Amino acid sequence: MIHETLKDFYDPIIDQYLTLDYLDSLFALIEATVTKHFKLLYKEGDFTKGKNLIIFNIAQHYIKTFIEDEKESLKTGNKIKIKAIEIESSIDIYVEGFNFPVKLKGTVDRVDEFNGVTRIIDYKTGKVDQGKVEIVEWSDITSDYDKYSKSFQILCYAYMLHKQNVIELPVEAGIISFKNLKKGFLKFGTKSSAKSRTKNQEITFETLSKFEVELKKLISEICNPKLNFVEKELNQ
């Protein structure tokens, strides 16, 4: 519901800069737009009571808070141009030893330009902390699912959009967590050590080349009939 509501709100201003007036106009549309998508998702289910009502109200709260944060960003002098919303991406990649291409598909929630820097953004309704989008060792990105699945996802989006010539490098990529909105845009970054305070948050051709190596290793593992599938478990 949140994704579709934000799509409705931002689609009309693709390739335009956000303005305070436009953002202000969205507040009056929140309830009706969330209602529309709730009915589509829940097949006209009742959302006047119980768990559905809670979900309905939380969705409205998240969207309202998100728009308020966008306004605050503009008020502090930032310039934000919307480049794409809910963009479907699909590419074929070729892995050594395979006689067929492997298709990668995904839907990128938002691509924007923040003070001239292109950003690839994924929305998460759950809580995400900065540490979930930072890596030290590249090999960890496919081996430690609990910690690095968010990094893997946003790098995959950057990789696909770059291959499709939708974006020009360098870019930034990261998460906006609706349960952690006060932290803003959580940028992917690489660090020399776990305790290092210095991080590189620019995604370059070199970054995506290193990601590609790990991606192809993972695909080779998935397609290896000698290796059993093992469910990745999240730590609660």
Of those in segment 26-55 that are outside any helix (DSSP H, G or I) and not basic (Lys, Arg), the residue most open to solvent (accessible area, probe 1.4 Å) is Glu44
Restricted to segment 184-198 and to residues being open to solvent by 50 Å² or more (accessible area, probe 1.4 Å), in contact with a strand residue (DSSP E or B) (Cβ under 9 Å, 6 or more places away or on another chain) and among the charged types (D, E, K, R), the residue nearest to Lys147 (Cα to Cα) is Lys187
Notebook entry, point to check: Could you say whether any residue in segment 145-162 is surrounded by 13 or more Cβ atoms within 10 Å (Cβ to Cβ), more than 26 Å from His3 (Cβ to Cβ) and of a type outside the set (Ser, Thr, Tyr)?
Noted result: no
Residue hits (segment 199-225; open to solvent by 70 Å² or more (accessible area, probe 1.4 Å) and within 19 Å of Val102 (Cα to Cα)) are Lys210, Val213, Lys217, Glu221, Ile222, Pro225
Matching residues in segment 31-60 (closer than 14 Å to Leu6 by Cβ and not polar (S, T, N, Q)) number 4
Scanning segment 100-119 for residues that are within 10 Å of the chain's Cα centre (by Cα), without any contact (Cβ under 8 Å) to a residue 60 or more places away in the chain and surrounded by 20 or more Cβ atoms within 10 Å (Cβ to Cβ) gives Val108, Val111
Subset of segment 66-96, residues among the aromatic types (Phe, Trp, Tyr) and either within 20 Å of Ser25 (Cα to Cα) or in a helix (DSSP H, G or I) (or both), comes to Phe66
Of those in segment 1-25 that are hydroxyl-bearing (Ser, Thr, Tyr) and in a helix (DSSP H, G or I), the residue surrounded by the most Cβ atoms within 10 Å (Cβ to Cβ) is Thr5
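The values are calculated or read from the model by the stated rules, or taken from the named source; none is laboratory data. Just so it is clear, the model here is predicted, and its values are computed rather than measured. All Cβ positions, even for glycine, are placed from backbone atoms using ideal geometry, and neighbour counts span all protein chains on display. Heads up: the accessible areas ignore ligands, DNA and RNA and are worked out on the full protein's heavy atoms, side chains in. Shrake-Rupley method; radii C 1.70, N 1.55, O 1.52, S 1.80 Å.
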